Amino acid sequence: MIRINTDALNKIKTQISSLKGNSVKLSVNRGRKRYDTIEGIVSDAYPSVFTIKADEKLQTFSYFDVLCGTVVFKDE
């Protein structure tokens with residue numbers, strides 16, 4: 001059975017929901033040594049995912065992606 005640190009996941013959720021409406025910069029690991037840098041605005045924060053509006057597109061990420069390090073918030 002896989003155990004997930006729910007305290008860390010809840011902390012990530014509250015931090016991201018507090019960024020709603022703010023501009024952020026993300027580094028996303030797309031696999032096979034491919035990384036994308038996304039600059040956008042945190043559009044919404046739902047119970048299991050959050051959305052980033054960048055270049056008139058909505059991109060959805062899960063909080064678990066942040067916990068695992070697949071999605072990293074960068075300092076501007």
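The values are calculated or read from the model by the stated rules, or taken from the named source; none is laboratory data. The model shown is predicted, which means the values in this text are computed figures rather than measured ones. Positions of Cβ are generated from backbone atoms using ideal geometry, with glycine treated the same way; all protein chains shown enter the neighbour counts. Calculation scope for accessible area: heavy atoms of the full protein, side chains included, ligands and nucleic acids excluded. Shrake-Rupley method; radii C 1.70, N 1.55, O 1.52, S 1.80 Å.
Some observations on this one:
- Shape category assigned to region 24-65 from the gyration tensor of Cα positions, a/c cut at 1.5: oblate
- Computed from point charges on the beta carbon alone (+1 for Lys and Arg, -1 for Asp and Glu), the dipole magnitude for the chain about its Cα centre is near 300 Debye.
- Radius, Kirkwood style, for region 1-42 when every pair of distinct Cα atoms is counted (Å): 12.4 Å
- Förster radius 30 Å - calculated FRET efficiency between Ser48 and Val72 (Cβ-Cβ, nearest 0.05): 0.95
- Solvent exposure of region 17-76 as accessible area per residue, Å², 1.4 Å probe: 69 Å²
- Its DSSP H runs of at least 4 residues, each contributing -39,500 (n - 2.57), put the calculated 222 nm mean residue ellipticity of the chain at -7000 deg cm²/dmol, to the nearest 500.
- Counting only aspartates and glutamates at least 8 places from Lys25 when in the same chain, those with an alpha carbon closer than 18 Å to its own are Asp36, Glu39, Asp44, Asp55, Glu56, Asp65, Asp75, Glu76.
- When Rg and Dmax of the Cα atoms in Å is computed from the coordinates, the matching label among (1) 12.4, 40; (2) 10.9, 33; (3) 11.4, 34 is (1).
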